[in-house]
Every structure is written in C-alpha cells, then in structure tokens.
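*Asks:* Take a look at this one; I'll ask things after.
The values are calculated or read from the model by the stated rules, or taken from the named source; none is laboratory data. These numbers were taken from a predicted model, which means no experiment stands behind them. Note that each Cβ is placed from the backbone with ideal geometry, even for glycine, and that neighbours are counted across all protein chains shown. Heavy atoms of the whole protein, side chains included, go into the accessibility calculation; ligands, DNA and RNA do not. Shrake-Rupley method; radii C 1.70, N 1.55, O 1.52, S 1.80 Å.
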Amino acid sequence: MSIAANRIVAGEGVMAWHLAAPSAVLPGIAAVVAGLLLGLPRAWPRLRFAGSALGLGGLLWLLMRGAPALLDGAGDYARVSPAIGFWCLLLVLMLLMADALVQMTPGPLARGALLAAVLGALALILGSGALSQLSVLQEFASRKAAFADATLRHLGLAFGSLAVAAAFGFPLGIACHRRARLRGATLPALSLLQTIPSLAMFGLMIPLLGWVGDSVPGAQAIGIAGIGFAPAFLALVLYSLLPVVSNTVAGLAAAPPEALEAARGMGMTPRQRLIRVEFPLGLPVILTGLRIVLVQNIGLAVIAGLIGGGGYGTFVFQGLNQTATDLILLGALPTVALALASAIVMDILVDLAGPAQRKSA
Amino acid sequence: MIEIERITKTYGDVHAVDAVTMTAQTGTITVIVGTSGSGKTTLLRMINRLEEPTSGEVRIKGQSTLATEPHLLRRRIGYAIQGHGLFPHYTVARNIGAVPELLNWPKAKIRARVDELLNLFSMDPAEFRHRYPAELSGGQQQRVGVARALASRPDLMLMDEPFGALDPIIRARAQDDLRRIHKALGSTIMLVTHDMEEAIRLGDRVAVMDEGKLIQHGTPAEIIAQPANGFVADMVGDVERPLRLLSLIPLSDLVEDGAAPGDALPAEASLRDALAACLWTGRNAVPVEHDGAVVGRVTFDAIRARAQIHP
C-alpha cells in the first residue's frame, strides 16, 4: 500500500506486513498465499477457482484492515491507496480465476449467475463502506453527483451509439449481402473510417459539427455543436459501423448454400429466407459484432471526455491534468468493469444464440 | 400429367437445354440421366422455375407454370436435393413441416402430417421429432430431406441427385424406400441422376440427355435393348447390358412347374438375382417362393434364353 500526505504528492510505500498489527494483517496475507498455492496445480480447476476467490478475499481483508490503520493519526488530507503489489496480485488472481473458469467451461446460465454474484458482492462491499477510506472512494465521495451523471453519459454514449449503429448497420449489411458491388464499395470505406485514430476522429468532428451547428437552423437547439455529446456520439457511431456491417454480412453468408437452395426450391420469398434461414443462422456472428462494438465503444467513450462529451473520461482527463492518480482511477476502474461485464453478458447471448443442436444436448 | 414443350435455356451462345419436349404421366417416376453438363439439372430447375426458361413452357395438369408466381408455384412442387439441404437450426419436425407452414396449414394438421411421414420413412416420431439435423446419420438426413419435399402432398416432386451423397449400401436402401413410398403415395416424380444403374432401378421411364438435347426417352428395357445412339449405349455399358436387362424382370415372369434344390428366392426377386444364385452355388435351377410357399422354379436355361431375346 502507499500513503501520501495529500492527493497530489507521490505516496510512500508500506509493505503489507507493516500495515497494521500482525494479528490484523496475518489472516489476509495467509489467505493470499494459500490462494496462490491452491492455484498452482493445473489438474483441478475447481480448486484453482476456490484459491483465486480466497486470495481475492485476502486482498480485500488487507485493504479493509490496512487503510484505517494507516490513516490513523496521519492528518486530514492523507490518502491511502493500493500500490503496485496489490495491483499485481489482483491481476495474478484474476488471471487464475479466468483460467480456472475457462477450464471449467460453465454453461451460459452458470456464467450469468457468476457474473451477477460477483457484481452483487462488489456492490455489497462498496455499499458497506468497508473500503470508504481508500483514496479512490474518497474521490468518489466528493463527486457523487458528478459520478452518477458521468455514468449515465457514458452508458448513453456506448449503448446509444451501438443502437444507432445497429439501426443503420443492419439494413446496410443486408443490402451488402444481397449486392456484391455495394459490398465491394462499402466495406473498404468503413475500414478506412476505422483506421482514423480516435483522437483525430474526435478532433475532426469539432469543425464538422461546429459548421453544421452554425449553418443548419435549429441544429444547435437539439444539441449539435462542435464539442459536447453530439460529436462524441457521432464519432462512436462511425467507429461502430464497420463491425456491425461486416459481421452482418459475414453472418448472413454463414448459412449453408444447400439450405438456401432448398429454401428457394420450397417456395420461400427472399424476405422469408432472410428471416427464417439466414438471420437465425447468422445471429451468433452478428451478436459477436455487437459485442465488439459495445466493448470498443465503452473504451472509446473515455476519449469523448476530451471534447466535452462527458462520461468517465471527464475524470480521467481531470486526473491527468492534476496528476491525481486516484481521479484517473475513478474514471478508469468503472470503465474497465463496465467493459468486462458487457463482454461477459454479450458472450452469454452469443452462446445462447449459437447452434441449436448444442442447446439441446 | 407434366408436359414439357420445346423448353430451351440459353446462356450467351451456349444451349444448356435445347428444345426438349417430353411428357410424364401422373403417378410415374421419370429419371433424367446424363453426364455433368448435359443440361439435366437445368431442365429440372426450369420445371419449378428456379431457372427461367429462355423459351418453351411447362404445363402441370394442363396449366402453364408461367401462370403462377414462382414462389407460389414452388410450394406446390416438392424439391429434394443432393446433400439434403436441411435447415440446421430447425428440428426434424420443423424441417418436414416447413412447406405446410408456408402454406399456413393449422398446427395440428402439420404435426399429424410430420408423424405420418416419419412413420412412412421408418423413423419413430417420438424419437426423431425433436432432433436436429446434425444429430442424424447421413441416411436419416436424406430421408428427412425427401419427407420434407413430400410434406404438402405436392402434385409433382423434383429430385436432384437425391442419393448422390450416400454410400452404396445406404443408397440402395434409400432407392428401395423411394420405390416403396412411390407405390404407397402414387406421386409423380422427376429425378435427375448421372448413374444409369439408378435410372434403370427407379425409373418407369428413363430420359437420356446429352449436350442439352433429349437423346432418348423410353422404358428402362427399351433404353437397354435399343439404345438410340452410341452415347446411350456407352451410358448403359456393353458388358452390363444383359445383366441390366435381367435385373428388370421378376422371377414371376419365368416361373415354371417343377422342383429345384437349395434355398428358394422370392417371386419379386429379379432374374439377375436368380442368375447370380445359379452361378454361385452351381445349380441349374432355383426354387421360387411366394408368400412363404414354393410355387415352382426358374431354370438357368430359361434365364439364358430370356437374355438373348431383346424385347
């Protein structure tokens, strides 16, 4: 752990065993060590999973016990935060857990339950106030309203742009699937769009939408301007189009040619073929496209903070400007958590939409 | 009755199908046989307008196929293809019920029809109804494919190399099944194959195509005994001709009074089977049985005499 006199200056490292009285830290350290040891044997993924959970519990214990002990008598502005050792251990234990889960191959429902359990536990821990003395949470406490607002903005940016991209991307993908020439023109154009660096894209939006806002009557009234939500949103939509369109095309092309020939031969109209055969068979690939877009947009939306788009990026850039690491973390951690959770949920959906014969097995 | 009249399909300068005229009687199996590129598949696909004819027309029960929208026409015509083309995301029951569903049959009627067809193809409905195509063997997939083509009781069934993807033993079984089902349902079938053996085995009438033209159209016996030209003779195969001819004739045609040693053959077996039995066991005659009782014998000499007379 590290302790600092205030939120700006560099902290001073404190080893885990110096955090507090030995009786307070020992169970935590023991749990971490035991967890790591349990994670060593390759053959028993369940044991490894239990070990990683135990280790995470140990880390949590150390945070809960260590933070108040360190702060005790250190002054009002003092801050404690987890240091490099904590983050490394966290990473190792999470990798262990992920690896164990991959080996255990839980079904979609089990994974959903696990995700819900983890999120529930996280909410419980944060809500209980056991960690409220950590610096990140102190930053949170002083910005509760702004955080809620940023969360809404961030979700709005990521999910809203996904919805708009899907609304345009699906019809475009279907059209590309039907007409090879359109596909030849559209996909490279969208790929080109994808190669524009995100900062440059957000930058380009400023003069572009600024001009639209100034010259189209009424545009400013609905929020179209060079900076703010609109350009960030538009940039995200543009980035989303390629994965949506290309995965729609690939998904629709995944139907076996014999099945399509049979569908035509039995008298299905092109629309019936699309709805009854091509779309259900392509659904896993199409959903994978949406998953890519969602995770990508949750990450990219951080950069939207730079052009006043709001979201967690606001905290990250404020933190960067003030060299306040805790503030950066306040933006970064929820972004990572959101992206992870979305990825897991989308993976579950992809699995559920997957080959029907696997579901019945 | 299916009447095909001077139907032609041209791609650029190439006549894929060149002014083919032929008639298929209701309730018969017509097998169109030819090498690849002979235009046989194009001819078949013009009947349900998967390919639009360049000129000429097809009439089903006197009504031109051009008078109906293609997709509505196709719902009245069964269509089975090589590699079955089942929908991988549909259960067996939904696959078979696909056309009745398009025709908006009530659910109960579809379910009853699906069970009826599964029984007809010796597949227990309770066991197979809810399976997915990937959980079936190749032979079962093919049967479901044919059952699907028959589901709406079509006026006509088109089959494009339906047994092409099966191994020889399963293929022979599938051919037997088709004949049995044809006898039971009396449907009109047009089937395309490159295999003359299959054509002779299945067809009431065989149509031989080469380079887009209909070379010969007749009964299997006519095709074997009087091939119209060298190409048809090649398709039949000189060495195989006597055996193919014998394979068309049942024992009941040549049965005579008298006794013979060894195991009996059923009266529906072909002279080819009897010849094989004679040669293999060194007998000069085999007993013939009907409904479990011996009704006479067929002699080796009679078989030889029959192979020499070309009908």
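*Asks:* Say we look at the stretch B:202-228 and pick out the residues that are outside any strand (DSSP E or B) and within 11 Å of B:GLY34 (Cβ to Cβ); which of these is most open to solvent (accessible area, probe 1.4 Å)?
*Replies:* My answer is B:GLU211.
*Asks:* Check A:GLY265 against each of (1) free of Cβ contacts under 8 Å to residues at least 24 places away in the same chain; (2) away from chain B (no Cβ under 13 Å); (3) among the small types (Gly, Ala, Ser) and name the one condition it does not meet.
*Replies:* If we test A:GLY265 against (1) free of Cβ contacts under 8 Å to residues at least 24 places away in the same chain; (2) away from chain B (no Cβ under 13 Å); (3) among the small types (Gly, Ala, Ser), just (2) comes out false.
*Asks:* List every residue pair whose Cβ atoms sit under 6 Å apart, with the two residues 6 or more apart in sequence or on different chains, where the first one lies in the stretch B:295-309 and is in the same structural domain as B:ASP257 (by TED's automatic domain parsing) and within 14 Å of B:ALA276 (Cα to Cα) and the second, anywhere, is among the polar types (S, T, N, Q) and open to solvent by 70 Å² or more (accessible area, probe 1.4 Å).
*Replies:* B:PHE300/B:ASN284
*Asks:* A follow-up question, please. Out of all the residues in the stretch A:313-329, which are open to solvent by 10 Å² or more (accessible area, probe 1.4 Å) and out of contact with any Lys or Arg (no Cβ under 7 Å at 6 or more places or on another chain)?
*Replies:* Within the stretch A:313-329, A:THR314, A:VAL316, A:PHE317, A:GLN318, A:LEU320, A:ASN321, A:GLN322, A:THR323, A:THR325, A:ILE328, A:LEU329 qualify.
*Asks:* Something else about it: From A:LEU131, A:LEU96, grab the single residue that is open to solvent by less than 40 Å² (accessible area, probe 1.4 Å), in a loop (DSSP other than H, G, I, E, B) and either modelled with pLDDT of 80 or more or of a type in the set (A, V, I, L, M) (or both).
*Replies:* A:LEU131
*Asks:* Might you check whether a residue that is assigned to a helix (DSSP H, G or I) and within 14 Å of another protein chain (Cβ to nearest Cβ) occurs anywhere in the stretch A:233-251?
*Replies:* So far as the stretch A:233-251 goes, yes, one or more of its residues are assigned to a helix (DSSP H, G or I) and within 14 Å of another protein chain (Cβ to nearest Cβ).
*Asks:* Pairs please, first residue from the stretch A:237-259 and under 24 Å from B:GLU161 (Cβ atoms), second anywhere and charged (D, E, K, R), Cβ atoms under 9 Å, 6+ apart in sequence or on different chains.
*Replies:* A:ALA255/A:ARG273; A:ALA255/A:GLU278
*Asks:* Tell me whether the stretch A:270-289 contains one or more residues that are over 30 Å from B:PRO70 (Cβ atoms) and crowded, with 22+ Cβ neighbours inside 10 Å.
*Replies:* The answer is yes; a qualifying residue exists.
*Asks:* Does any residue in the stretch A:106-125 that is under 15 Å from A:SER342 (Cα atoms) and touching a residue at least 40 places away in the same chain (Cβ under 8 Å) come within less than 6 Å, Cβ to Cβ, of a residue that is among the acidic types (Asp, Glu) and surrounded by 11 or more Cβ atoms within 10 Å (Cβ to Cβ) six or more places away or on a different chain, and which pairs are these?
*Replies:* Filtered contacts from the stretch A:106-125: A:PRO108/A:ASP351.
Quick grid of which residues meet (1) on the phi < 0 side of the Ramachandran plot; (2) open to solvent by 60 Å² or more (accessible area, probe 1.4 Å); (3) within 14 Å of another protein chain (Cβ to nearest Cβ):
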| site | (1), (2), (3) |
| --- | --- |
| B:ARG113 | yes, no, no |
| B:LEU120 | yes, no, no |
| B:MET123 | yes, no, no |
| B:PHE128 | yes, no, yes |
| B:LEU136 | yes, no, yes |
| B:GLY139 | yes, no, no |
| B:LEU150 | yes, no, yes |
| B:PRO162 | yes, no, yes |
| B:ALA165 | yes, yes, yes |
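*Asks:* Another question about this same structure. Could you go through the stretch B:238-258 and let me know if any residue there is assigned to a strand (DSSP E or B), more than 19 Å from B:ALA199 (Cα to Cα) and either open to solvent by less than 20 Å² (accessible area, probe 1.4 Å) or in contact with a strand residue (DSSP E or B) (Cβ under 6 Å, 6 or more places away or on another chain) (or both).
*Replies:* Yes, the stretch B:238-258 contains a residue that is assigned to a strand (DSSP E or B), more than 19 Å from B:ALA199 (Cα to Cα) and either open to solvent by less than 20 Å² (accessible area, probe 1.4 Å) or in contact with a strand residue (DSSP E or B) (Cβ under 6 Å, 6 or more places away or on another chain) (or both).
Here's the yes/no breakdown for (1) open to solvent by 30 Å² or more (accessible area, probe 1.4 Å); (2) touching a strand residue (DSSP E or B) at 6+ places or on another chain (Cβ under 8 Å):
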position: B:GLY39; (1), (2): no, yes
position: B:GLU51; (1), (2): yes, yes
position: B:VAL58; (1), (2): no, yes
position: B:HIS89; (1), (2): yes, no
position: B:ARG131; (1), (2): yes, no
position: B:GLN142; (1), (2): no, no
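*Asks:* Then there's this: Tally up the residues in the stretch B:164-195 that are aliphatic (A, V, I, L, M) and in contact with a strand residue (DSSP E or B) (Cβ under 6 Å, 6 or more places away or on another chain), please.
*Replies:* Residues in the stretch B:164-195 being aliphatic (A, V, I, L, M) and in contact with a strand residue (DSSP E or B) (Cβ under 6 Å, 6 or more places away or on another chain): 4 in total.
*Asks:* Ok, one more. Show the residue pairs meeting these rules: Cβ distance below 6 Å; 6+ apart or different chains; first residue within the stretch A:136-157 and over 22 Å from A:ILE303 (Cβ atoms) and open to solvent by 30 Å² or more (accessible area, probe 1.4 Å); second residue in a helix (DSSP H, G or I) and modelled with pLDDT of 85 or more.
*Replies:* Partner pairs satisfying both residue conditions: none exist.
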